[in-house]
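**Student:** Quick one: the structure is below, and I'll ask about it shortly.
The values are calculated or read from the model by the stated rules, or taken from the named source; none is laboratory data. Computed from a prediction, not measured in an experiment: that's the story for all the values here. Positions of Cβ are generated from backbone atoms using ideal geometry, with glycine treated the same way; all protein chains shown enter the neighbour counts. Just the protein is used for accessible areas: all its heavy atoms, side chains included, with ligands, DNA and RNA removed. Shrake-Rupley method; radii C 1.70, N 1.55, O 1.52, S 1.80 Å.
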Amino acid sequence: YARMMKRTILALCTTLPALATELPPAIPDGPVTYDAVSYQTPAYDSYMHAATDEERRTFAKQHLDSVYNHVRQLADRDYASRNKLSYDFVIMFIPIESMFLLALDEARTQGRNLWNEAYERRVIIMTPTNLVLAVRLLQDMWRQQRLEANIRAIKDEYQEQINFLKDELKAWRTLHQK
């Protein structure tokens, strides 16, 4: 699993563009790239202010369509050609928990699975509740990958030294046997 998420785009799907400025800087050619993506929520806002159940159902469907559309747009972006990297996933951050829960609930009502459908398109939907956990998990996985790379480099260097010493010992024996 640690190798599965080597490179990730964190797409900040938010109505708050200033949020992107609060994040730590991305490392050039590193595992995370930030992309502030405008995400409009008129259907969600209308749902929250709807007067009748019928209006709420209509706006819930529109909201779900909007979320699916956004997932599709993120999946269709060609981040790899922009950054010369092959990204494994795009993380779509929805800044309001109830906004995500409404979309999930409406998807279930329609017999769909929003999270799995997004995941199949290599988009992972995150909310404030799980974004911090996910970022920490990614940091831990990347630290583990760096440790593994260092261990492999040390092992390779050690093997080179052993091979060199074997060759030297062989040459020494050849010289002293004559």
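**Student:** So which residues in the range 99-140 are at pLDDT below 90, out of contact with any strand residue (DSSP E or B) (no Cβ under 6 Å at 6 or more places or on another chain) and under 18 Å from residue 63 (Cα atoms)?
**Tutor:** The answer is 127, and nothing else.
**Student:** Taking only the range 40-68 into account, find how many residues are polar (S, T, N, Q) and open to solvent by 90 Å² or more (accessible area, probe 1.4 Å).
**Tutor:** Going through the range 40-68, the residues polar (S, T, N, Q) turn out to be 40-41, 46, 52, 58, 62, 66.
Of the ones still in play, those that are also open to solvent by 90 Å² or more (accessible area, probe 1.4 Å) are 40.
Result for the range 40-68: 1.
**Student:** If you don't mind, another one. Specify which of the listed residues (90, 71) is closer than 30 Å to residue 145 by Cβ, β-branched (Val, Ile, Thr), surrounded by 13 or more Cβ atoms within 10 Å (Cβ to Cβ) and at pLDDT below 85. Walk me through it before giving the result.
**Tutor:** Working: 71 fails: at pLDDT below 85.
Exactly one of 90, 71 is closer than 30 Å to residue 145 by Cβ, β-branched (Val, Ile, Thr), surrounded by 13 or more Cβ atoms within 10 Å (Cβ to Cβ) and at pLDDT below 85, namely 90.
**Student:** Hey, another quick one. Going through the range 110-160 one residue at a time, which ones are in a loop (DSSP other than H, G, I, E, B) and charged (D, E, K, R)? Walk me through it before giving the result.
**Tutor:** Going through the range 110-160, the residues in a loop (DSSP other than H, G, I, E, B) turn out to be 110-113, 121-122, 127.
Result: 112, 121, 122.
**Student:** Suppose the filter is surrounded by 13 or more Cβ atoms within 10 Å (Cβ to Cβ) and among the hydroxyl-bearing types (Ser, Thr, Tyr); does residue 127 pass it?
**Tutor:** On the way: surrounded by 13 or more Cβ atoms within 10 Å (Cβ to Cβ): yes; among the hydroxyl-bearing types (Ser, Thr, Tyr): yes.
It is true that residue 127 is surrounded by 13 or more Cβ atoms within 10 Å (Cβ to Cβ) and among the hydroxyl-bearing types (Ser, Thr, Tyr).
**Student:** Looking at (1) under 16 Å from the mean Cα position of the chain (by Cα); (2) of a type outside the set (A, V, I, L, M); (3) open to solvent by 90 Å² or more (accessible area, probe 1.4 Å), which one does residue 160 not meet, given that it meets all the others?
**Tutor:** (1)
**Student:** While we're here: Can you confirm whether the range 108-115 contains a residue that is open to solvent by less than 60 Å² (accessible area, probe 1.4 Å) and within 20 Å of residue 65 (Cβ to Cβ)? Don't jump to the end; show me each part of the working.
**Tutor:** Filtering the range 108-115 for residues open to solvent by less than 60 Å² (accessible area, probe 1.4 Å) gives 114.
Subsequent filtering for residues that are within 20 Å of residue 65 (Cβ to Cβ) retains 114.
Scanning the range 108-115, I find at least one residue that is open to solvent by less than 60 Å² (accessible area, probe 1.4 Å) and within 20 Å of residue 65 (Cβ to Cβ), so the answer is yes.
**Student:** Continuing with this model, one more query. Quick one: which residue in 144, 159 is farther than 18 Å from residue 100 by Cα and modelled with pLDDT of 90 or more? Explain how you work it out, then say what you get.
**Tutor:** On the way: 144 fails: modelled with pLDDT of 90 or more.
Sole residue among the options that is farther than 18 Å from residue 100 by Cα and modelled with pLDDT of 90 or more: 159.
**Student:** Here is a follow-up. Does residue 152 meet the test of being basic (Lys, Arg), open to solvent by 100 Å² or more (accessible area, probe 1.4 Å) and at pLDDT below 90? I'd like the intermediate steps shown before the answer.
**Tutor:** Numbers: basic (Lys, Arg): yes; open to solvent by 100 Å² or more (accessible area, probe 1.4 Å): yes; at pLDDT below 90: no.
When the stated conditions are applied, residue 152 does not pass them.
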